[in-house]
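Worksheet for the structure shown next.
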Amino acid sequence: MADELSAALAVRFGFEVEVIIRSAGDLAQLVAGNPYPEGDPSRVCVAFLDSALSPEVLAAVTELAEAREAVTSAGIDLYIHFGDGLAASTLGVRLPIVIRPRIATVRTMRTVTKLADLLG
């Protein structure tokens, strides 16, 4: 389905977009499993990945986390707490580089929760 959506978006908008799909159950599980429930939901994010990270790549991502940041693996996806916000984060900037050739899309917990509620 992801490939079909990607192809349809390319036809409609004239450029290719990678698509990552999660089920309603996956989203509900991510909301329920949030390891940073006290964090600001605009600064706690889920990085949806197209494939799981190796232990070495996960370690490299975790090493990028600064003092007020944390990374927790959730199977194929990652929870990331950007304590000072995504825009101010070296981890946020370097994440796509470190995880290559994988693709990711990052959404705030606020958005993930709204999507889970809509699909629930």
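Only the coordinates and a few stated rules stand behind these numbers; no lab work does. Values in this document were obtained by computation on a predicted structure and should not be read as measured data. Every residue, glycine among them, receives a Cβ derived from its backbone with ideal geometry; neighbour counts consider all protein chains shown.
Out of Val106, Val112, Val61, Val71, one residue alone is of a type outside the set (S, T, N, Q), over 20 Å from Val19 (Cα atoms) and under 12 Å from the mean Cα position of the chain (by Cα). It is Val71.
When segment 108-120 is filtered for residues that are touching a residue at least 24 places away in the same chain (Cβ under 8 Å) and either crowded, with 17+ Cβ neighbours inside 10 Å or part of a helix (DSSP H, G or I) (or both), the ones remaining, listed by number, are Thr108, Met109, Arg110, Val112, Thr113, Leu115, Ala116, Leu119.
The requirement of being within 18 Å of Asn34 (Cα to Cα) and not in a loop (DSSP other than H, G, I, E, B) is fulfilled nowhere in segment 83-101; no residue meets it.
Considering the conditions (1) more than 26 Å from Gly120 (Cβ to Cβ); (2) touching a residue at least 40 places away in the same chain (Cβ under 8 Å); (3) in contact with a Cys (Cβ under 9 Å, 6 or more places away or on another chain), Tyr79 is excluded by exactly one of them, (1). When segment 1-30 is examined, which residues are found to be among the charged types (D, E, K, R) and under 13 Å from Asp77 (Cα atoms)? Passing the criteria: Arg22, Asp26.
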